[in-house]
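Beneath this line is the structure, given in structure tokens, with notes to follow.
The values are calculated or read from the model by the stated rules, or taken from the named source; none is laboratory data. For clarity, every value in this text was computed on a predicted model and none was experimentally measured. No Cβ is skipped: glycine too gets one built from the backbone with ideal geometry, and neighbour counts run over all protein chains shown. In case anyone asks, the SASA skips ligands and DNA or RNA and just uses the protein heavy atoms, side chains included. Shrake-Rupley method; radii C 1.70, N 1.55, O 1.52, S 1.80 Å.
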Amino acid sequence: MKFSISREALLRPLTLVAGVVERRQTLPVLSNVLIQVEGDQVSLTGTDLEVELIGRTVASQVDQAGAATVPARKLMDICKSLPDQSDIQLAVEEGRAVLRSGRSRFTLSTLPVAEFPNIEDADGSQEISVPRGTLKHLIEATSFAMAQQDVRYYLNGMLLEIQSNLLRTVATDGHRLAMCSRPIEVSVSQSQKLIVPRKGILELSRLLDDSDEPVSLTLGSSHVRAHTGDFTFTSKLIDGKFPDYERVVPRNGDKVLIAERAELRQVLSRTAILSNEKYRGVRLYLEENNLKVMANNPEQEEAEENIAVEYNGGAMEVGFNVGYLVDVLTVLNEERVQITLADPNSSALLEEPGGGDALYVVMPMRL
């Protein structure tokens, strides 16, 4: 293998592919990136056995086709440190990868290409096409609510639900739930539900932009694959049953308040400074057209804020983890937020006034 390529043409796919590669690996070859050269196409592959990402770019000159695996992070750090617009020549010589650029020369170890694992194509798959911006919006509106290392492994990911003309994402960690739906032009014989692991969702989100360009999703029984232009992304699916989220969404709330989203977020963030560091609880006191937010901690420190809201129900007091409320107010992109409550022991429903494409459920805390 021997080819030349500009620094910029190599760096963008390499940076994204290296993001998939884990630093601490059980198999040494997994910390490498697989470089394959065919014609003038250079493809870079990174995997951690759960997620695989292939990025493609074009070489300026190919002297010899071939393949090699080289340490992903080291190669990326070398490319980043070279001057802009540098020309890079990469070749395999006597079992090592030699990178030359200007007066610089770097020799990197390689591992056999045959050891590099690839995720097999799943059969029984179905393909749909979705605008990139739509999928990105659905992921960004809900991904914060995914669990991180829950023993209920099916919560450590996001539910992707495909119905005819509707795509929905749902994430929950057991304390809060985020759900977002968007209409798409697709017809499926029966609705499909896939649980994509947390890392897969975060990597996929990095590949997407806000454009209307399509991303094609191939849905298999154990994998989901996404093609966007120069990238092919594959993730294993979590085998499990996602909770029945429809049952979690409270439908009987009669106390509805509407507040300025940015102002409420600032009030909650300030009050949180003096909340108990372990439980992050704040108390909300609702009265006519006013919301009082209070927090205290074991050091007997207290915070109290008042904010004008649209509310004309009865007085009520309810406690919440302030972080969960702030997370929702951060991802909502409307000027105002509507919060629906039933009583101090039932979950709060947060959404755009009048309802939008996303809704959020936050469980209360006993304080």
Note: Q149 to R206 extended length (0.36 nm per residue) minus current alpha-carbon separation gives 18.4 nm
Over the chain, the sum of -39500 (n - 2.57) across DSSP H runs of at least four, divided by residue number and rounded to 500 deg cm²/dmol, gives at 222 nm -5500 deg cm²/dmol
Starting from the Cα-Cα distance between D84 and E115, subtract it from 0.36 nm times their residue separation and give me the gain in nm to one decimal.
7.8 nm
Out of S81, S31, S221, a Gaussian network model of the chain with alpha-carbon springs under 10 Å gives the largest mean-square fluctuation to S81
Calculate the spin-label point distance for N252 paired with T330, positioning each point 7 Å from the Cα along the beta-carbon direction, and give it in nanometres.
3.4
Quote the relative contact order of the chain in percent (integer), defining contacts as alpha-carbon pairs under 8 Å separated by 6+ residues.
13
First compute the accessible area of the chain with a 1.4 Å probe, then give the percent of it belonging to carbon and sulfur atoms.
44
Among residues other than Y245 whose Cβ falls under 11 Å from its Cβ, what is the net charge (Lys/Arg +1, Asp/Glu -1)?
0
Sequence-separation-based contact order of the stretch 65-130, relative, with Cα cut under 8 Å and 6+ spacing, percent:
31
Ignoring the sites themselves, what is the longest stretch of the chain with no trypsin sites (Lys or Arg not before Pro) in a DSSP loop and at most 14 other beta-carbon atoms within 10 Å?
153-240
Using eta = 0.692 mPa s and T = 37 °C, Stokes-Einstein with Kirkwood Rh from Cα pairs puts D for the chain, in µm² s⁻¹, at 142
Placing +1 on each Lys and Arg Cβ and -1 on each Asp and Glu Cβ in the stretch 193-318, then taking the dipole about the Cα centre, the residue among N306, A272, L202 whose Cα reaches farthest towards the positive end is L202
Normalised by the number of residues in the stretch 94-239, what is the relative contact order in percent for Cα pairs under 8 Å and 6+ residues apart?
25
Relative compactness, the stretch 214-367, computed as alpha-carbon Rg over 2.2 N^0.38 Å:
1.28
Rolling a 1.4 Å sphere over the protein heavy atoms, what is the accessible area per residue of the chain, to the nearest Å²?
49
In nm, the gap between the two label points placed 7 Å beyond Cα toward Cβ at R56 and S216 is 1.1
May I ask you to compute the full-extension gain from R270 to L166, defined as 0.36 nm times their residue separation minus their alpha-carbon distance, rounded to one decimal in nm?
33.6 nm
With a Förster distance of 56 angstrom and the Cβ-Cβ distance between A315 and L49, calculated FRET efficiency to the nearest 0.05 equals 0.50
Using a basic spin-label model with each label point 7 Å from the Cα along Cα→Cβ, how many nm lie between N297 and S187?
5.9
Is there a quick way to get the dipole size of the chain? I mean about its Cα centre, with the Cβ of Lys and Arg at +1 and of Asp and Glu at -1; what is the value in debye to the nearest 20?
1000
Suppose every K and R has +1 on its Cβ and every D and E has -1 on its Cβ; what is the size of the dipole of the stretch 14-157 about the Cα centre, in Debye to the nearest 20?
700
